[in-house]
1. Among the residues of the range 154-179, what is the count of those that are hydroxyl-bearing (S, T, Y), at pLDDT 90 or above and outside any strand (DSSP E or B)?
2. Which residue out of E88, E107 is surrounded by fewer than 21 Cβ atoms within 10 Å (Cβ to Cβ) and under 12 Å from the mean Cα position of the chain (by Cα)?
3. Looking only at the range 120-142, count every residue that is touching a Gly at 6+ places or on another chain (Cβ under 6 Å), among the hydrophobic types (A, V, I, L, M, F, W, C) and not in a strand (DSSP E or B) and tell me the total.
4. Out of D122, D103, D114, which single residue is among the acidic types (D, E) and either touching a residue at least 40 places away in the same chain (Cβ under 8 Å) or touching a strand residue (DSSP E or B) at 6+ places or on another chain (Cβ under 9 Å) (or both)?
5. Kindly provide the set of residues from the range 52-61 that are surrounded by fewer than 22 Cβ atoms within 10 Å (Cβ to Cβ) and at pLDDT 90 or above, ordered by number.
6. May I ask you to list the residues in the range 180-193 that are under 17 Å from the mean Cα position of the chain (by Cα) and either among the charged types (D, E, K, R) or assigned to a strand (DSSP E or B) (or both)?
7. So is T151 of a type in the set (V, I, T) and either surrounded by 19 or more Cβ atoms within 10 Å (Cβ to Cβ) or at positive phi (or both) or not?
8. Which one of the conditions (1) modelled with pLDDT of 95 or more; (2) in a helix (DSSP H, G or I); (3) surrounded by 14 or more Cβ atoms within 10 Å (Cβ to Cβ); (4) among the hydrophobic types (A, V, I, L, M, F, W, C) does F145 fail to meet, given that it meets all the rest?
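The values are calculated or read from the model by the stated rules, or taken from the named source; none is laboratory data. Fair warning: this is a prediction, and the values are worked out from it, not measured in the lab. Positions of Cβ are generated from backbone atoms using ideal geometry, with glycine treated the same way; all protein chains shown enter the neighbour counts.
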Amino acid sequence: MVKPLSIGITGVMGTGKSTLGMKLSRELGLTYHVEPFELNPWIVHSLTTPEPSESNFDCQAVAITLGWQNVYKVSRLGGIVDAPFMGESVFTPTMYQLGQLNDAQYESLLLMADNLPKVRLDVLICLKAAVSTMLYRIACRGRSFESEVSTEYLHALKTAYDHWVEYAAYKMATDTLVINTDELEAEEVLESSLKWLANTGQPAMIRV
């Protein structure tokens with residue numbers, strides 16, 4: 001059986017995930033599945049509520065579930081998925097560290113994520129950037145729900161994400177690429193990704 005390649009693009013907000021995802025989708029002819037934040041009615045509340053709350057818990061429960069559904073679909077049918085594995089691996093620990101989730105909420109979310117069927121992608125592209133770069137890009141794109149994102153929150157996310165990339169990301173895919181996008185234009189990130197895909201021998205269609 002032949003199926004399209006499954007690609008995940010990870011990164012903290014403002015690292016260039018969406019831009020790379022759309023460009024790779026056009027280049028490779030693969031469907032791009034964006035991070036479904038618009039389907040999460042609690043996302044704005046979670047960015048503006050510094051203490052534990054039911055809304056913060058609900059936000060992460062929805063994010064983990066929707067994220068897993070996207071990853072599962074792409075792992076089976078092929079395509080490109082935005083921000084796979086980020087809910088349980090980066091955002092939930094960060095919210096707990098910042099006091100936005102209590103012990104019971106945090107443990108419940110980790111248990112929920114652990115009980116989801118495990119999925120693995122063919123390729124994972126991990127994008128990194130400095131917090132100053134993220135803040136600039138977030139301001140430029142003007143998403144309303146990101147207007148309350150603080151520097152402290154981004155620093156905490158970046159720390160959790162960098163740790164995950166170094167110690168766990170490689171377990172989520174057959175091949176993993178890490179790109180620092182600070183000094184790169186979008187076309188250069190695309191070129192680096194396509195060149196790496198060619199060198200790893202990952203075709204747009206694979207036999208399984």
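1. The total comes to 3.
2. The match here is E88.
3. Number satisfying all stated conditions: 2.
4. Values: D103 fails: either touching a residue at least 40 places away in the same chain (Cβ under 8 Å) or touching a strand residue (DSSP E or B) at 6+ places or on another chain (Cβ under 9 Å) (or both); D114 fails: either touching a residue at least 40 places away in the same chain (Cβ under 8 Å) or touching a strand residue (DSSP E or B) at 6+ places or on another chain (Cβ under 9 Å) (or both).
Selected residue: D122, the only one of D122, D103, D114 that is among the acidic types (D, E) and either touching a residue at least 40 places away in the same chain (Cβ under 8 Å) or touching a strand residue (DSSP E or B) at 6+ places or on another chain (Cβ under 9 Å) (or both).
5. The initial filter retains those residues of the range 52-61 that are surrounded by fewer than 22 Cβ atoms within 10 Å (Cβ to Cβ), namely 52-55, 58, 61.
Matches in the range 52-61: D58, A61.
6. Listed by number, the list holds a single entry, N180.
7. Details: of a type in the set (V, I, T): yes; either surrounded by 19 or more Cβ atoms within 10 Å (Cβ to Cβ) or at positive phi (or both): no.
Here the answer is no, as T151 does not meet what is asked.
8. Only one criterion is unmet by F145, namely (1).
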